[in-house]
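Below you'll find the structure, written out as structure tokens, and then a few comments.
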Amino acid sequence: MVTIGVYGFDGPAFLDRLRAADVRLVLDVRQRRGVRGSEYAWANSRRLQAALAGAGIAYAHHPEVAPTTELRQLQYAEDARRGVGKRSRRELAVAYARRYTTEILGSADLTPIVSALPSNGAAALLCVERDPAACHRSLLAQRLTERYGVTIEHLHPL
């Protein structure tokens, strides 16, 4: 399994990176499947799904492992306190990580995600942040490794 964020890619480079990692399934773990800014319009749900289908890559949305609006607001408040933006964040707030792990991962049934992993190729956990340490997908990936022995590689823009 791999993880990937939207920031730092354009549409073609994103698809190229997925192909290079032999990704066969994208697991979208965003609550809101839109991205602000015209440069990332390609990552909005309908456009992304169409591009993935054209590349022969399956898509599934898993909102049950997405952070709630309240949790995202907690992270945004910490970002504001630190003077960093969502696109430049390098790490998650400790309180956010603790609450996401307890409130979301603590009750999430991850079996459907693990069961959907392709037998050939890889699956990718998708969110928006460039740096996995600045995104809940790193916490989800860690849980999948701990509980199911899933090996994780974090993809970055080249």
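Where a number appears in this text, it was derived from the coordinates with a stated rule and is not lab data. All of these numbers come straight from a predicted model, not from anything done at the bench. All Cβ positions, even for glycine, are placed from backbone atoms using ideal geometry, and neighbour counts span all protein chains on display.
Out of residues 5 or more away from Asn44 or on other chains, whose amide H comes under 5 Å of its own, with H placed 1.01 Å from N in the peptide plane?
Amide H to amide H, under 5 Å and 5 or more residues apart or across chains, Asn44 pairs with Val35.
Expressed as a whole number of Å, what is the distance separating the alpha-carbon centroids of segment 95-130 and segment 19-77?
So the two Cα centres are separated by 13 Å.
Which one of Tyr100, Tyr148, Tyr40 has the biggest mean-square fluctuation once the chain is modelled by GNM with Cα springs under 10 Å?
Tyr148
Counting each DSSP H run of 4 or more residues in the chain as -39500 (n - 2.57), what helix-only mean residue ellipticity at 222 nm follows after dividing by all residues, to the nearest 500 deg cm²/dmol?
Calculated mean residue ellipticity at 222 nm is -10500 deg cm²/dmol.
Please name which of Leu126, Ala20, Gly85 has its Cα lying farthest along the dipole of the chain towards the positive end, using unit charges on Cβ (Lys, Arg +1; Asp, Glu -1) and the Cα centre as origin.
Highest projection toward the positive end goes to Gly85.
Would you grab the residues whose amide H sits under 5 Å from the one on Ala122? Only those 5+ places off in sequence or on another chain, please, with H modelled 1.01 Å from N.
Sorted by chain and number, the residues that satisfy this are Val23, Arg24, Leu25.
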